[in-house]
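A.B. asks: To start, I am sharing the structure in question, which I have written as structure tokens.
The values are calculated or read from the model by the stated rules, or taken from the named source; none is laboratory data. On a predicted model such as this, the values are computed, not experimentally measured, just so you know. Virtual Cβ from ideal backbone geometry, glycine too; neighbours counted across all protein chains shown. Remember, those area values only see protein heavy atoms, side chains included, never the ligands or the DNA or RNA. Shrake-Rupley method; radii C 1.70, N 1.55, O 1.52, S 1.80 Å.
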Amino acid sequence: MAIDIEKSKKRLNNYFDGLEVSTAHKIVFFIIMMAYFFEQMDNWNFGFIAPALMKSWKLTMTQVSQITFAYFMAMTLGGLTGGIISDFIGRRKTFLGAIFLFSTASIANGFATNLSMFIITRALTGFGVFCLMVTSQAYIAEMAPADSRGKWQGLTAAVGFCAAPIIGFLCTIIIPLNAEAWRYIFYFGALGYVAFVVGLKYLKESPRWLVAQGRTPEAEKAIKEITGIDVDLSEAAAKVAPRQRVLDVLVGMFSLKYLKRTLVLLFFMLLTTPATFVVTNWTTTLLNQRGLGVAECLQASFVLMIGVPVGLFVSSLVSDKGGRKIPLAILYTLAAVLALIFGRVSGFWPIVVIGFLLIACIMAGSFISFSYIAESYPTKMRNTGTGVHNAIGRFSTSGFQLLIPVLFAQYKFVGVYNVVAVMLIIPVVVVLIWGIRTGGKSLEEIS
């Protein structure tokens, strides 16, 4: 009887939906912002460092493509591993472990003495970076209210991805100091330990994951600590399917219920992911090969990178509109048009202006797609599904790295960005025709 009275005082609630975003809630998002920031320092730095490394170690474009190939192959494994592990041991533990790994690996990059060692340490960085990225996508989706899920996804990323222009600015100052100064950029990876320590103290486990594990009282306690409100999740817990094996989750993604959305999302990631990384990771090197000096490339890329947080801020404003897929399609269509223009413009400022707009659109679309994928599956398979889709995208990206020098040699700068435009526009058509609408709906309603 006492238990029934106590439960009657609790608010019947679907996790965070309908509740205000409290200060404690914002602290959780801030920790994710910190993790994103230091993760993205490690993710973006090589794009700036590559021309200086080529000059210092006398590397060819083919050898640079081998480094990026290893990085994206490791991202593929990190995405699969992070998705699967976080569905079984929790979002929080996987998130913190990934921070520790990529921070340590980044420091090791700076101590590399030859190409083989550099490829290994760079691969470890990629594994940790994408393990965190995949985990965080599902984590934010599960921690944010339904009506502002896209907003918080975009704002969290916008602040975290300010690392891109900041690391670009640091590179313009530090790399020209001497032939080995690029090493100092990797040492900044040690700052990731700050996010790790803060996360150990303040990061909460996802209540949805706790309920899926049969730990409903812990989930209710977590929501109380974050929102200050007593909630009753017994109704939500009664609807949770039993825990599944990894194989069951993978089979479930291709069951009749989820088959169409799985195929649409796989096709989307197969093409848009490599196109995105040509723009974000190869532009500095391609501009250098096109004839711009190292200093000019660094300056141009620094301005271009400001488009990263700008684009993510834009995504926070539009992501929750049009059922998620409409703003996604509009932004990638704009990016495709800008890619065609970018391949043809000449002169420092035309390159900078069009490149800035291109990166802003492509990053805004990219992060909306992260929300879109995470929302498309139920809690029991959310992170595994997110990991599989993103891993497939990184796998196709790793293979595409080896084609970029060939495309550049055969079709020059304009040909590379023509291919980028095609790889962006075709998936847009598929999503508009067959993609589901997810924005503004509770995760339980979607799944």
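A.B. asks: Among the listed residues Met41, Met34, identify the single one that is surrounded by 24 or more Cβ atoms within 10 Å (Cβ to Cβ) and of a type outside the set (D, E, K, R).
C.D. replies: Numbers: Met34 fails: surrounded by 24 or more Cβ atoms within 10 Å (Cβ to Cβ).
Of Met41, Met34, the one residue that is surrounded by 24 or more Cβ atoms within 10 Å (Cβ to Cβ) and of a type outside the set (D, E, K, R) is Met41.
A.B. asks: What do you reckon, is Val249 of a type in the set (Val, Ile, Thr) and either more than 19 Å from the chain's Cα centre (by Cα) or open to solvent by 10 Å² or more (accessible area, probe 1.4 Å) (or both)?
C.D. replies: Criteria met by Val249.
A.B. asks: Condition first: farther than 25 Å from Arg149 by Cβ, out of contact with any His (no Cβ under 7 Å at 6 or more places or on another chain) and part of a helix (DSSP H, G or I). Can you find one or more residues in the stretch 305-326 that meet it?
C.D. replies: yes
A.B. asks: Then there's this: Restricting attention to the stretch 293-313, report how many residues are over 16 Å from the mean Cα position of the chain (by Cα) and either of a type in the set (Asp, Glu) or open to solvent by 50 Å² or more (accessible area, probe 1.4 Å) (or both).
C.D. replies: Count: 5.
A.B. asks: Kindly provide the set of residues from the stretch 400-432 that are open to solvent by 10 Å² or more (accessible area, probe 1.4 Å) and either in contact with a strand residue (DSSP E or B) (Cβ under 9 Å, 6 or more places away or on another chain) or among the hydroxyl-bearing types (Ser, Thr, Tyr) (or both), ordered by number.
C.D. replies: Of everything in the stretch 400-432, just one residue is open to solvent by 10 Å² or more (accessible area, probe 1.4 Å) and either in contact with a strand residue (DSSP E or B) (Cβ under 9 Å, 6 or more places away or on another chain) or among the hydroxyl-bearing types (Ser, Thr, Tyr) (or both), namely Tyr411.
A.B. asks: May I pose another question? Name, by its number, the condition in (1) surrounded by fewer than 17 Cβ atoms within 10 Å (Cβ to Cβ); (2) of a type in the set (S, T, N, Q); (3) touching a helix residue (DSSP H, G or I) at 6+ places or on another chain (Cβ under 9 Å) that does not hold for Thr113.
C.D. replies: (3)
Residue by residue, here is whether (1) touching a strand residue (DSSP E or B) at 6+ places or on another chain (Cβ under 9 Å); (2) β-branched (Val, Ile, Thr); (3) closer than 17 Å to Pro427 by Cβ holds:
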site: Ala275; (1), (2), (3): no, no, yes
site: Val279; (1), (2), (3): no, yes, yes
site: Gln289; (1), (2), (3): no, no, no
site: Glu296; (1), (2), (3): no, no, no
site: Ser301; (1), (2), (3): no, no, no
site: Lys321; (1), (2), (3): no, no, no
site: Phe342; (1), (2), (3): no, no, no
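To keep it simple, each residue is scored yes or no on (1) open to solvent by 10 Å² or more (accessible area, probe 1.4 Å); (2) part of a helix (DSSP H, G or I); (3) at pLDDT 85 or above.
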{"residue": "Met117", "(1), (2), (3)": "yes, yes, yes"}
{"residue": "Arg122", "(1), (2), (3)": "no, yes, yes"}
{"residue": "Val129", "(1), (2), (3)": "no, yes, yes"}
{"residue": "Tyr139", "(1), (2), (3)": "no, yes, yes"}
{"residue": "Lys151", "(1), (2), (3)": "yes, yes, no"}
{"residue": "Ile166", "(1), (2), (3)": "yes, yes, yes"}
{"residue": "Ile174", "(1), (2), (3)": "yes, yes, yes"}
{"residue": "Ile185", "(1), (2), (3)": "no, yes, yes"}
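A.B. asks: Any residue in the stretch 87-112 that's free of Cβ contacts under 8 Å to residues at least 12 places away in the same chain and over 16 Å from Gly189 (Cα atoms): show its pairings with residues that are surrounded by 19 or more Cβ atoms within 10 Å (Cβ to Cβ) and aliphatic (A, V, I, L, M) at Cβ separation under 9 Å, as long as the two are six or more apart or on different chains.
C.D. replies: Lys93/Ile85
A.B. asks: Would you mention how many residues in the stretch 368-399 are more than 20 Å from Ser442 (Cβ to Cβ), open to solvent by less than 10 Å² (accessible area, probe 1.4 Å) and β-branched (Val, Ile, Thr)?
C.D. replies: The qualifying residues number 2.
A.B. asks: Which ones in the stretch 65-79 are closer than 13 Å to Trp282 by Cβ and surrounded by fewer than 24 Cβ atoms within 10 Å (Cβ to Cβ)?
C.D. replies: Ser65, Ile67, Phe69
A.B. asks: Considering (1) within 27 Å of Gly365 (Cβ to Cβ); (2) part of a loop (DSSP other than H, G, I, E, B), say which one Leu265 fails and leave the rest.
C.D. replies: Of (1) within 27 Å of Gly365 (Cβ to Cβ); (2) part of a loop (DSSP other than H, G, I, E, B), only one is false for Leu265: (2).
A.B. asks: Which residues, counting only those in the stretch 20-53, are in a helix (DSSP H, G or I), touching a residue at least 60 places away in the same chain (Cβ under 8 Å) and over 17 Å from the mean Cα position of the chain (by Cα)?
C.D. replies: The answer is Ala24, His25, Ile27, Val28, Phe48, Ile49, Ala50, Pro51, Ala52, Leu53.
A.B. asks: Being part of a helix (DSSP H, G or I) and either under 17 Å from Phe37 (Cα atoms) or aromatic (Phe, Trp, Tyr) (or both) is the filter here; which residues of the stretch 282-304 pass it?
C.D. replies: Phe302
A.B. asks: Could you count how many residues in the stretch 197-230 are open to solvent by less than 50 Å² (accessible area, probe 1.4 Å), under 20 Å from Leu101 (Cβ atoms) and of a type outside the set (D, E, K, R)?
C.D. replies: Residues meeting the conditions: 3.
A.B. asks: Spot the failing condition for Arg290; the list is (1) over 25 Å from Ala391 (Cα atoms); (2) open to solvent by 40 Å² or more (accessible area, probe 1.4 Å); (3) modelled with pLDDT of 80 or more, and only one is missed.
C.D. replies: Among (1) over 25 Å from Ala391 (Cα atoms); (2) open to solvent by 40 Å² or more (accessible area, probe 1.4 Å); (3) modelled with pLDDT of 80 or more, Arg290 violates only (3).
A.B. asks: So, one more: Are there any pairs with C-beta distances below 6 angstrom linking a residue in the stretch 411-436 that is over 16 Å from Leu270 (Cα atoms) and of a type outside the set (Ser, Thr, Tyr) to a residue that is open to solvent by 10 Å² or more (accessible area, probe 1.4 Å) and not in a helix (DSSP H, G or I), with the two at least 6 apart or on different chains, and if so which?
C.D. replies: Within 6 Å, the pairs are Val414/Arg344.
A.B. asks: Residues Ile85, Ile99, Ile107, Ile89: which one is among the aliphatic types (A, V, I, L, M), within 22 Å of the chain's Cα centre (by Cα) and either crowded, with 24+ Cβ neighbours inside 10 Å or within 29 Å of Arg290 (Cβ to Cβ) (or both)?
C.D. replies: Going through Ile85, Ile99, Ile107, Ile89 in turn, just one is among the aliphatic types (A, V, I, L, M), within 22 Å of the chain's Cα centre (by Cα) and either crowded, with 24+ Cβ neighbours inside 10 Å or within 29 Å of Arg290 (Cβ to Cβ) (or both): Ile99.
A.B. asks: Within the group Phe186, Phe267, which residue is within 30 Å of Trp57 (Cα to Cα) and in contact (Cβ under 8 Å) with a residue 40 or more places away in the chain?
C.D. replies: Step by step, each of Phe186, Phe267 is checked, and only Phe186 is within 30 Å of Trp57 (Cα to Cα) and in contact (Cβ under 8 Å) with a residue 40 or more places away in the chain.
A.B. asks: Give the number of residues within the stretch 411-445 that are part of a helix (DSSP H, G or I), closer than 23 Å to Gly393 by Cα and modelled with pLDDT under 80.
C.D. replies: 0
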